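**Q** My questions all concern the structure below.
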Amino acid sequence: METGLKNRVAIVAASSQGIGRATAEAFAAEGCRLAICARNRDALIDAAEKIRRQHNVEVLAEPFDVTDAGAVRDFVNGVVQKFGSADICVTNAGGPPAKGFLATTADEWKGAVEVNFMSAVYFAHQVIPHMRKKKWGRIITVTSITTKQPVADLVYSNAVRAAVVGLVKSLANEFGKDGILVNNVGPGYTATDRLKELAHSSSAALGKSEKEMFESWAADTALKRLGEPRELADTIVWLASERASYITGQTILVDGGLYRGL
């Protein structure tokens, strides 16, 4: 399928592992020039080197924390200085701790807002002016199925990620006239390190093994299996492509049929 993405500049946050790394690799396979970031320097540099070697594309890799507005600004400025534009921006960050409401703390609430909401705000602030100049842009947020269907003991995610959807809708409405499409992708149970962490915490709370937790989650889906990061990445690439040129302000669930609503 022709995506029209060759030589586009794609920013992918939290791309040293999991969904972010799979997304960076998928954009590289389409011939995009890449800018990737994550907090773990060694894992990020390793990912960048492997992507360069496998796909023969330019990759800019910068380790920093996406909750630092100044670091996001400097990173985007560096991307534009190196590549001349910032065409696609995929915001992504690790999920907040798994807890019930009464176990939450004020500091953790603030942290969840910074990591999972404000990081998307910081990136949008920086990339939109460059996208407006070209009258073309794609912003894609990566959240969770929790934006549609709350998950037990994920109260931080249930609340904060819903705010990201409000941001997506607002940006889509405001900047659609400038050729900027803004969408959200909501993963279901996907085989990542984050899911391993959830399995560990849930197994202790429920008295089940981690293997039983994975089996239970897979059984909850229509497809009876967990998702793979590449399946999320394929959806993100499609949303960024010319094949999805009339889609904006939407949340696309990649959940194997886990969501039960209409």
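**Q** Here are the criteria: (1) in a strand (DSSP E or B); (2) not assigned by TED's automatic domain parsing to the domain that holds Ile180. Tell me which single one Ile36 does not satisfy.
**A** (2)
**Q** Condition first: farther than 22 Å from Pro96 by Cβ and either outside any loop (DSSP other than H, G, I, E, B) or among the hydrophobic types (A, V, I, L, M, F, W, C) (or both). Can you find one or more residues in the range 202-214 that meet it?
**A** Yes.
**Q** So, one more: So which pairs qualify, if the first residue must be in the range 111-139 and farther than 18 Å from Lys169 by Cβ, the second must be basic (Lys, Arg), the Cβ gap must be under 7 Å, and the two must be at least 6 apart or on different chains?
**A** Pairs that qualify, where the first residue is farther than 18 Å from Lys169 by Cβ and the partner is basic (Lys, Arg), are Gln126/Arg73.
**Q** Would it be correct to say that Val72 is assigned to a helix (DSSP H, G or I), assigned by TED's automatic domain parsing to the domain that holds Gly179 and under 30 Å from Thr3 (Cα atoms)?
**A** Numbers: assigned to a helix (DSSP H, G or I): yes; assigned by TED's automatic domain parsing to the domain that holds Gly179: yes; under 30 Å from Thr3 (Cα atoms): yes.
Yes.
**Q** Considering only residues that are touching a strand residue (DSSP E or B) at 6+ places or on another chain (Cβ under 8 Å) and either under 16 Å from Ala10 (Cα atoms) or buried (at least 17 other Cβ atoms within 10 Å of the Cβ) (or both), which ones fall in the range 232-255? Reasoning before the result, please.
**A** We begin by selecting, within the range 232-255, every residue touching a strand residue (DSSP E or B) at 6+ places or on another chain (Cβ under 8 Å); these are 232, 235-236, 239-240, 244-245, 247-255.
Result: Leu232, Thr235, Ile236, Leu239, Ala240, Ala244, Thr248, Thr251, Ile252, Leu253, Val254, Asp255.
**Q** Residue under question is Leu167, and the condition is that it be over 30 Å from Glu215 (Cβ atoms), touching a strand residue (DSSP E or B) at 6+ places or on another chain (Cβ under 6 Å), in the same structural domain as Asn92 (by TED's automatic domain parsing) and part of a helix (DSSP H, G or I); does it hold?
**A** Considered against the rule, which asks whether it is over 30 Å from Glu215 (Cβ atoms), touching a strand residue (DSSP E or B) at 6+ places or on another chain (Cβ under 6 Å), in the same structural domain as Asn92 (by TED's automatic domain parsing) and part of a helix (DSSP H, G or I), Leu167 comes out as no.
**Q** If we scan the range 159-174, do we find a residue that is surrounded by fewer than 19 Cβ atoms within 10 Å (Cβ to Cβ), over 30 Å from Asn77 (Cβ atoms) and either modelled with pLDDT of 95 or more or not charged (D, E, K, R) (or both)?
**A** Yes: the range 159-174 contains one or more residues that are surrounded by fewer than 19 Cβ atoms within 10 Å (Cβ to Cβ), over 30 Å from Asn77 (Cβ atoms) and either modelled with pLDDT of 95 or more or not charged (D, E, K, R) (or both).
**Q** Let me ask another. Would you mind finding the one in Val66, Val57, Val72, Val80 that is buried (at least 22 other Cβ atoms within 10 Å of the Cβ) and either farther than 30 Å from Ala205 by Cβ or of a type in the set (Ser, Thr, Tyr) (or both)?
**A** Result: Val72 is the single residue among Val66, Val57, Val72, Val80 that is buried (at least 22 other Cβ atoms within 10 Å of the Cβ) and either farther than 30 Å from Ala205 by Cβ or of a type in the set (Ser, Thr, Tyr) (or both).
**Q** Kindly provide the set of residues from the range 164-201 that are touching a residue at least 40 places away in the same chain (Cβ under 8 Å), out of contact with any helix residue (DSSP H, G or I) (no Cβ under 8 Å at 6 or more places or on another chain) and more than 20 Å from Ala98 (Cα to Cα), ordered by number.
**A** Val168, Lys169, Ala172, Asn173, Gly176 - these are the residues of the range 164-201 that are touching a residue at least 40 places away in the same chain (Cβ under 8 Å), out of contact with any helix residue (DSSP H, G or I) (no Cβ under 8 Å at 6 or more places or on another chain) and more than 20 Å from Ala98 (Cα to Cα).
**Q** Then there is this: Take Val127 and decide whether it is in a helix (DSSP H, G or I), β-branched (Val, Ile, Thr), in contact with a strand residue (DSSP E or B) (Cβ under 6 Å, 6 or more places away or on another chain) and assigned by TED's automatic domain parsing to the domain that holds Ala71.
**A** Judged against the criteria, Val127 is a match.
The values are calculated or read from the model by the stated rules, or taken from the named source; none is laboratory data. In this text the structure is predicted, and so the values were computed from the model without any measurement. Backbone-built Cβ (ideal geometry, glycine too); neighbour counts: all protein chains shown.
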